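Chemist: This is the structure I want to talk about, given as structure tokens.
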Amino acid sequence: MVEAGSAVALMGNHEYNALCYHTPDGRGGYLRAHEHEKRKQHVATLEQFKGLEPEWADHLAWFRQLPVAIEGPGLRAVHACWDPRHISLLNAELKKGGFTEEVLKRATVKGTALWTAVEETLKGKELRLPADSAFQDKGGHARRDVRIRWWEDPAGKSYQEHSVTQEESLTRAPVLDRSHADGFIYGEDAPPVFFGHYWLERHHPAIMRPNICCLDHSVANPKVDGRLMAYRFDGEAVLDPAKLVWVDRMDVAG
């Protein structure tokens, strides 16, 4: 669809991770370490391209040129989080040639403005849980940071209420420290923004606010009955649930 000119593909965290996994760090390793946990995340892709290394190299070259966001008349789209400060910084960096080796090396230096922009745009904003709290993510890993609803004020909310997926296992302690998310809130009068990333399930609404829509409903997760979701956008400022369309996972798998 992209090659035919009928679609735009955006950079996501998995494409970015693949680039880092295959980019040397200049010190004998790679920007994404080839340790067991990281290798597990890439093994299925690498196996599918076994014997097709030139084709995989072409895919990596294509990943390098993917935009991080699109913005049209009254519409925005991004993989995980639209923070205009991050989008502006990334667009300025990428106009020089995309995710070049030089850009990737700087973007993987933890704590820098570029690292933060990549992390939050492709993975979402997070808050650190209280010291005695943790939860298990979908991969079974213990997590101390929770992905937050960056379009809402956390005042008066618990960590469970302010998380994107609002998982039952999260603590009901009130949000006290907002420093990890720097106080950003996506405005209610801002253009509608569409994103994916968060692996929502069928009981989660796709439209979370009149101008906020998450279209990832876990179609690739074999553990749930997910959906391949889309929204038919006609320029409206207030999103309409009736314009959501989808195919159930079982129909896709069949």
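The values are calculated or read from the model by the stated rules, or taken from the named source; none is laboratory data. These numbers come from a predicted model, not from an experiment. We place every Cβ from the backbone using ideal geometry, glycine too, and count neighbours over all the protein chains shown. Quick note on the areas: whole protein, heavy atoms, side chains included, nothing else; ligands and nucleic acids left out. Shrake-Rupley method; radii C 1.70, N 1.55, O 1.52, S 1.80 Å.
Chemist: Quick check: residue separation of Glu47 and Asp234 times 0.36 nm, minus the Cα distance between them. What number comes out in nm?
Modeler: 63.2 nm
Chemist: In whole percent, how big is the carbon plus sulfur part of the accessible area of the stretch 184-249, probe 1.4 Å, protein atoms only? Could the numbers behind the result be given before it?
Modeler: Values: 1890 of 3300 Å².
Here it works out to 57 percent.
Chemist: Give me the percent relative contact order of the chain, please, defined on Cα pairs under 8 angstrom at least 6 residues apart.
Modeler: Details: 379 pairs, mean separation 35.1, N = 254.
With pairs under 8 Å counted, the relative contact order is 14 percent.
Chemist: Place a +1 charge on the Cβ of each Lys and Arg in the chain and a -1 charge on the Cβ of each Asp and Glu, then give the dipole magnitude about the Cα centre in debye, rounded to the nearest 20. Walk me through the numbers on the way to the answer.
Modeler: Numbers: 32 positive and 37 negative charges, 103 e Å.
For the chain, the charge dipole is close to 500 debye.
Chemist: Taking the alpha-carbon centroid of each part, what is the distance from the stretch 159-230 to the stretch 1-79 in angstrom?
Modeler: One Cα centre to the other: 23 Å.
Chemist: Rounded, prolate or oblate: which fits the stretch 27-133, taking a ≥ b ≥ c as square roots of the Cα gyration tensor eigenvalues, rounded meaning a/c under 1.5, else prolate when a/b beats b/c? Don't skip to the answer; put the middle values down first.
Modeler: Working: a/c = 1.69, a/b = 1.20, b/c = 1.41.
In terms of gyration-tensor shape, oblate.
Chemist: Right, next: Leaving out ligands, DNA and RNA, what percent of the accessible area of the stretch 55-167 is carbon and sulfur, probe 1.4 Å?
Modeler: After summing per-atom areas, the C and S share lands at 52 percent.
Chemist: Turning to a different aspect of this structure: Output the peptides 161-172, 114-125 sorted from most to least packed, where packing is the average of other Cβ atoms within 10 Å over each peptide's residues.
Modeler: Packing order, densest peptide first, comes out as 114-125, 161-172.
Chemist: Using the Cβ atoms and a cut-off under 14 Å, what net charge is assigned to the surroundings of Thr100, where Lys and Arg are +1 and Asp and Glu are -1?
Modeler: Its environment carries a net charge of +2.
Chemist: Each residue of the stretch 228-235 in order: what ³J(HN,Hα) in whole Hz does its phi give by Karplus 6.51 cos²θ - 1.76 cosθ + 1.60, θ = phi - 60°, with x for Gly and Pro?
Modeler: Taking θ as phi minus 60°, the curve returns 8, 10, 8, 10, 8, 9, 10, x Hz for the stretch 228-235.
Chemist: A further question follows. Determine the per residue accessible area of the stretch 2-61 with all protein chains present and a 1.4 angstrom probe, expressed in square angstrom. Don't skip to the end; give the middle numbers.
Modeler: Values: 3850 Å² over 60 residues.
I get 64 Å² per residue for the stretch 2-61.
Chemist: With every protein chain left in place, what is the accessible area per residue of the stretch 63-106 in square angstrom, probe 1.4 Å?
Modeler: 47
Chemist: Rounded, prolate or oblate: which one fits the chain, using the alpha carbon gyration tensor with axes a ≥ b ≥ c (rounded when a/c is under 1.5, else prolate when a/b beats b/c, else oblate)?
Modeler: Numbers: a/c = 1.34, a/b = 1.19, b/c = 1.13.
Rounded, since a/c falls under 1.5.
Chemist: Please list, ordered by chain and number, the residues whose modelled amide H lies under 5 Å from the amide H of Ile148; skip anything fewer than 5 residues away on the same chain.
Modeler: Residues meeting the amide H criterion: Lys125, Glu126, Leu127, Val164.
Chemist: Let me make sure I get this right: for the stretch 178-254, a, b and c are the square roots of the gyration tensor eigenvalues over alpha carbons, sorted descending. Under 1.5 in a/c it's rounded, otherwise prolate if a/b > b/c, else oblate. Which is it?
Modeler: oblate
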